[in-house]
1. Within the range 73-91, restricting attention to residues that are at pLDDT below 90 and open to solvent by 90 Å² or more (accessible area, probe 1.4 Å), which residue is nearest to the chain's Cα centre (by Cα)?
2. Restricting to the range 19-44, count the residues that are farther than 24 Å from Ser73 by Cβ and open to solvent by less than 70 Å² (accessible area, probe 1.4 Å).
3. For Asn104, which of the numbered conditions (1) at pLDDT 80 or above; (2) open to solvent by 80 Å² or more (accessible area, probe 1.4 Å) fails to hold?
4. Looking at the range 19-63 only, could you name the residues that are in a helix (DSSP H, G or I), β-branched (Val, Ile, Thr) and either in contact with a strand residue (DSSP E or B) (Cβ under 8 Å, 6 or more places away or on another chain) or within 20 Å of Asn86 (Cα to Cα) (or both)?
5. Examine the range 60-72 for a residue that is within 22 Å of Leu114 (Cβ to Cβ), surrounded by 11 or more Cβ atoms within 10 Å (Cβ to Cβ) and touching a helix residue (DSSP H, G or I) at 6+ places or on another chain (Cβ under 7 Å), and state whether such a residue exists.
6. Which one of these is touching a Pro at 6+ places or on another chain (Cβ under 8 Å) and at pLDDT 85 or above: Ser44, Ser65, Ser70, Ser55?
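The values are calculated or read from the model by the stated rules, or taken from the named source; none is laboratory data. None of these values were measured; they are calculated from a predicted model. Virtual Cβ from ideal backbone geometry, glycine too; neighbours counted across all protein chains shown. When the accessible area is computed, the model is the full protein with side chains, heavy atoms only, and any ligands, DNA or RNA have been set aside. Shrake-Rupley method; radii C 1.70, N 1.55, O 1.52, S 1.80 Å.
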Amino acid sequence: MVKVNNSVSEYLNVKAGVPQGSVLGPFLFLVYVNDFSCNVPSLSILYADDTTMVSSGIDIPDVTSQLTRSLESAKIWYSANNLLINEDKTENIIFSLRNQINENDELLSKPVKLLGFFLTASLVGILMLKVFVKSCLE
């Protein structure tokens, strides 16, 4: 039920979820997604409701294939758990110490924001961040 001024909505049964802002909400969400990493073949890092999947390999086609399988596994897990992947917020990046990245491939060469940091394929963003932090501390 929702009450705004003198207007009151009807009661509805809640089949899933907890009230937003509840003390138990974050804990229950962690319990809910706890088995995600067991169902995805690549390394997965969960932070609040953000998920990062990481793969490594010798060549780009191998890494791309690993991440494609992981994304498909993630979609199956999310669907089975009544969750959705926000395709608009889903990003890909490949880090390489070699010059294997096609700079014309926008999907692989554009910077990606991760927990407030912008990362580039050559990790220039990390180097720029170090320089910025160092200059702030001086």
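1. Lys89
2. Number of matching residues: 2.
3. That leaves (1) as the condition not met.
4. Residue satisfying the conditions is Val33 alone.
5. Within the range 60-72 (the criterion being within 22 Å of Leu114 (Cβ to Cβ), surrounded by 11 or more Cβ atoms within 10 Å (Cβ to Cβ) and touching a helix residue (DSSP H, G or I) at 6+ places or on another chain (Cβ under 7 Å)), the answer is no, since none of the residues qualifies.
6. Going through Ser44, Ser65, Ser70, Ser55 in turn, just one is touching a Pro at 6+ places or on another chain (Cβ under 8 Å) and at pLDDT 85 or above: Ser70.
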